[in-house]
Amino acid sequence: MDGDALAKAFVEHYYTTFDNNRAGLVNLYQDSSMLTFEGQKIQGAQNIVAKLTSLPFNQCLHSITTVDCQPSSAPNGMLVFVSGNLQLAGEQHALKFSQQ
């Protein structure tokens, strides 16, 4: 599987899990992982998932617009940039989002 296909498969898995079972994301993070969310730095798999599961909405649906990837300096690693729309339950308009 080439890098672009791998990145797209990962992104599909990540956002499907986010939309249906945020707690299930814990296995996709490591203790060294960091999430910066609205200026707050959160480190570690458990802490990141605690933040994601505490967001003030229960239901959402991500619609991916772009998936761009490139090799990273980490062994066998890659950087993936994602952008798209986030539709919250009960809201008329979708929110734009991006994540790296």
Would you mind getting the Kirkwood hydrodynamic radius of segment 1-80 from its Cα pairs, rounded to one decimal in Å? 13.9
Which of the GluC sites (Glu not before Pro) across the chain are loop residues per DSSP, with 10 or fewer other Cβ within 10 Å? GLU38
Below 8 Å between Cα atoms, with a sequence gap of 6+, how large is the relative contact order for the chain in percent? 21
Apply 1/(1 + (r/R0)^6) to the Cβ-Cβ distance of ALA9 and PHE81, taking R0 = 22 Å, and write down the FRET efficiency to the nearest 0.05. 0.90
Residue-normalised accessible area of the chain, given per residue in Å² at a 1.4 Å probe: 69
Report the FRET efficiency, 1/(1 + (r/R0)^6), for ASN58 and THR36, where r is their Cβ-Cβ distance and R0 is 22 Å, rounded to 0.05. 0.40
Report the charge-dipole magnitude of segment 1-77 in Debye, nearest 20, computed about the Cα centre from +1 at each Lys and Arg Cβ and -1 at each Asp and Glu Cβ. 260
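The values are calculated or read from the model by the stated rules, or taken from the named source; none is laboratory data. Values in this document were obtained by computation on a predicted structure and should not be read as measured data. Don't worry about glycine lacking a Cβ; one is built from the backbone with ideal geometry, like all the others, and counts go over all protein chains shown. The accessibility values were calculated without ligands, DNA or RNA, using every heavy atom of the protein model including side chains. Shrake-Rupley method; radii C 1.70, N 1.55, O 1.52, S 1.80 Å.
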